[in-house]
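Colleague: First the structure, then my questions, so here it is.
Every number here is computed from the coordinates shown, using simple stated rules; none is lab data. This one's a predicted model, so the numbers in the text were calculated from it and none came from an experiment. FYI the Cβ positions are ideal-geometry reconstructions off the backbone, even for glycines, and counts take in every protein chain you see.
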Amino acid sequence: MKDYYEILGVSRDADPDTIKKAFRKLARDTHPDANPDDPEAEARFREIAEAYEVLSDPQKRARYDRGETIGGQDLFSQFGGLEDILNQFFGGSAFGGFGGQRGPARGRDVAVRVDLTLAEAAFGVDREVEFTTMIECDTCDGVGAEKATDVITCSTCNGQGRVQAARQTMLGTMMTVQECPDCDGTGSRIKTPCPGCAGEGRLRGQRTLTVEVPPGVATGTRLRLNGKGAAGQRSAPVGDVYVEIRVLADERFQRDGDDLHHRVRIGVTEAVFGTTVDVPLIEDGTEPLEIPAGTQPETVFRIGKKGVPRLQRRGRGDLLVHVEVVIPTDLDDDQEQLLRDYADRRGEKPAEKKKGLFRR
Ligand SMILES: [Zn+2]
Ligand SMILES: [Zn+2]
């Protein structure tokens, strides 16, 4: 596993402010735009951003500190991800995008919500989702031109897609190579736009996807599907889809992380003499649980590994069974007499029944 602390050059007990400062400094030094001739700058920068993404989030940091693997789908899980982090630190327009070439607009990210039953969240499910977004134009296959010959070389940049420019940034004036303003960095222009999409290369339409939900997700889990979002302008990269999970309530179980809690109600004599109850399982069916004689109210029994499978790890949580002892409130006369006799022999002094004295 990567040592995120080492990557940011901070100690393991560094406070959030120190982490933020370390990231800001490193990001400034390694940002691809500040190192245009270094092809590895972007990879280094991403590593730093990844370390920051994990260590700046208290929950992810705690998981990381426990030695859990933080998978790709948890990284940059905020909408916008890496771009957002950059904007936060450098302001949206300060950088022209990685590699200095932006071109036609990338497709937008799309958020969709998926409601799951507890069992579906526990064991995973394939769920079809449908949403309206920009999709590639069929007429021109996303090119945006009526015919292939309508795509001509841009004269401003001679098809290079880039021009030299001086830019003011927070790092001072930098001579950088910028995308050509006349062709959006593509090096080509369109003479006659496609009539189907007016040269956009994309249209509004319906997209249907099958989301493979992994076992162990919970409400708030976000899955990222790369390149499944809105089509980009004129074949620019497609946006991502963020699937936000919501798990519906289950009246049998309360979930606490990977553990499930279930309540059973037993009678007084069952608590006194012991009994066996059938505990429902999330995977359907039941498991017999022996309640020993003399079980006190609110005793908790643990059925191992019958909870929720752990997301991206092996094993399952436990099923905790809380025992509720029901005190009867609907005794008939015979039952009451039995209990009062019992109280006499035990030397207990229950209150006398107010109406009962006169009823007999
Ligand atoms: Zn078209
Ligand atoms: Zn150009």
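Colleague: To check you understand DSSP bridge types, tell me what percent of the beta bridges within the chain (both residues inside) are antiparallel, rounded to 5. Could the numbers behind the result be given before it?
Modeller: Details: 43 of 58 bridges.
So the antiparallel bridges in the chain amount to around 75 percent.
Colleague: At q = 0.12, 0.14, 0.24 Å⁻¹, what is the base-10 log of I(q)/I(0) for the range 228-300 according to the Debye formula with one equal point scatterer per Cα and no solvent? Please give it to two decimals.
Modeller: Rounded to two decimals, the profile gives -0.53, -0.62, -1.12.
Colleague: Enumerate the amide H contacts of residue 185 below 5 Å, restricted to partners 5 or more residues apart or on another chain; note that Pro and chain-start residues carry no placed amide H.
Modeller: Hits under the 5 Å cutoff: 180.
Colleague: So for each of 280-290, 130-140, 149-159, 230-240 I average, over its residues, the number of other beta carbons within 10 Å; can you give me the resulting order with the highest mean first?
Modeller: Details: 280-290: 12.6, 130-140: 17.5, 149-159: 14.5, 230-240: 22.1.
Ranked from most to least packed, the peptides come out as 230-240, 130-140, 149-159, 280-290.
Colleague: What residues have an amide H closer than 5 Å to that of residue 299, excluding those fewer than 5 places away on the same chain, when H is modeled at 1.01 Å from N in the peptide plane?
Modeller: 323
Colleague: Scan around residue 137 for amide H atoms under 5 Å from its own, H built in the peptide plane at 1.01 Å from N, and keep only partners 5 or more places away or cross-chain.
Modeller: 142, 202, 203
Colleague: Exceeding 23 Å between C-alpha atoms, which entries from my cross-link table qualify? They are 2/60; 228/306; 21/228; 21/60. All intermediate terms of the calculation are to be shown ahead of the outcome.
Modeller: Values: 2/60 14 Å; 228/306 35 Å; 21/228 35 Å; 21/60 19 Å.
Over 23 Å Cα-Cα: 228/306; 21/228.
Colleague: Net charge near residue 150: determine it from the other residues with C-beta under 11 Å of the C-beta of residue 150, scoring Lys and Arg +1 and Asp and Glu -1.
Modeller: Working: positive: 147, 189, 191; negative: 146.
Net charge in that neighbourhood comes out at +2.
Colleague: When only Cα pairs under 8 Å and 6 or more residues apart are kept, what is the percent relative contact order across the chain? Mind dumping the intermediate values first?
Modeller: Values: 665 pairs, mean separation 53.9, N = 360.
Averaging sequence separation for qualifying contacts and normalising by length gives 15 percent for the chain.
Colleague: Here's a follow-up. Convert each backbone phi in the range 312-328 into a coupling constant with the Karplus relation 6.51 cos²θ - 1.76 cosθ + 1.60 (shift: θ = phi - 60°), then list the ³J(HN,Hα) values in order as whole Hz, x for Gly and Pro.
Modeller: 6, 9, 7, x, 10, x, 10, 9, 9, 9, 9, 9, 10, 9, 8, 8, x
Colleague: What list of ³J(HN,Hα) couplings, whole Hz, do you get for the range 197-206 from phi and the Karplus terms 6.51, -1.76, 1.60, once you set θ to phi - 60° and write x for glycine and proline?
Modeller: 10, 6, x, 6, x, 8, 9, 6, x, 9
Colleague: Using Cα positions and a limit of under 16 Å, work out the aspartates and glutamates in reach of residue 349, with same-chain residues fewer than 8 apart set aside.
Modeller: Within reach: 336, 341.
Colleague: Let me ask another. Highest mean first, how do 315-322, 112-119 rank when packing is the count of other Cβ atoms within 10 Å averaged over residues?
Modeller: Details: 315-322: 18.2, 112-119: 16.6.
For the peptides 315-322, 112-119, the packing ranking is 315-322, 112-119.
Colleague: Lys and Arg at +1, Asp and Glu at -1: add these up for the other residues within a Cβ distance under 11 Å of residue 322 and post the number. Walk me through the intermediate numbers first.
Modeller: Working: positive: 263, 265, 302; negative: 298, 324.
Spelling it out: positives minus negatives among the neighbours equals +1.
Colleague: Would you kindly derive the ³J(HN,Hα) couplings of the range 262-276 from the backbone phi angles with the Karplus curve 6.51 cos²θ - 1.76 cosθ + 1.60 (θ = phi - 60°), listing them in order in whole Hz, with x for Gly and Pro?
Modeller: Calculated HN-Hα couplings, in order: 9, 10, 10, 10, 10, x, 4, 5, 5, 5, 5, 9, x, 6, 10 Hz.
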